[in-house]
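K.L.:
Here's a structure for you.
Read-outs: derived from the displayed coordinates by stated rules, not from any lab. Bear in mind the structure is a predicted one, so any value in this text is a computation, not a measurement. So basically every Cβ, Gly included, is an ideal-geometry build from the backbone, and we count neighbours across all protein chains shown.
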């Protein structure tokens with residue numbers, strides 16, 4: 001069984017037991033999170049496609065880790081105008097283990 005969920009402005013295909021890295025979600029490691037924006041549920045019988053969400057479907061996951069990714073450098077320059085800007089950015093993320101797909 002698998003599902004397509006939406007979180008953080010992105011869509012992910014998930015199945016029970018998978019480990020997934022998504023945009024930051026509130027909670028501490030060990031907490032259980034319920035993702036209710038389910039777009040598709042399939043795998044047993046006929047697939048259920050939402051318009052836009054599947055009614056009553058949800059995905060339960062456990063938070064494994066909260067962290068920050070590697071730093072990226074954002075550099076802007078306009079030639080001959082004496083304009084330069086250098087800034088770093090580290091994106092927050094959450095690592096989830098998919099426990100169960102309900103619905």
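K.L.:
Based only on other Cβ atoms within 10 Å, what is the fewest-to-most ordering of 4, 41, 49?
P.N.:
Final ranking by Cβ density, sparse to dense: 49, 4, 41.
K.L.:
A follow-up question, please. Starting from 0.36 nm per residue, how many nanometres of slack lie between residue 24 and residue 62 once their C-alpha separation is accounted for?
P.N.:
Extra length from residue 24 to residue 62 when fully extended: 12.3 nm.
K.L.:
In the chain, what % of DSSP beta bridges are antiparallel (nearest 5)?
P.N.:
100
K.L.:
Between residue 6 and residue 70, 0.36 nm times their residue separation minus their Cα-Cα distance comes to what?
P.N.:
Full-extension gain reported as 20.7 nm.
K.L.:
Okay, moving on. Could you give the length gained on full extension between residue 87 and residue 55, defined as 0.36 nm per residue of separation minus the Cα-Cα distance, in nm?
P.N.:
Once the chain is fully extended between residue 87 and residue 55, it gains 7.2 nm.
K.L.:
If packing is taken as the mean number of other Cβ atoms within 10 Å per residue, what is the order of 10-21, 26-37, highest first?
P.N.:
10-21, 26-37
K.L.:
Testing the spin-label approximation: label points 7 Å from Cα along Cα→Cβ at residue 79 and residue 36. State their distance in nm.
P.N.:
Result: 5.4 nm between the two label points.
K.L.:
Here is a follow-up. Rank by packing, highest mean first: peptides 59-71, 77-89, with packing defined as the count of other Cβ atoms within 10 Å averaged across residues.
P.N.:
The peptides rank, most packed first, as 59-71, 77-89.
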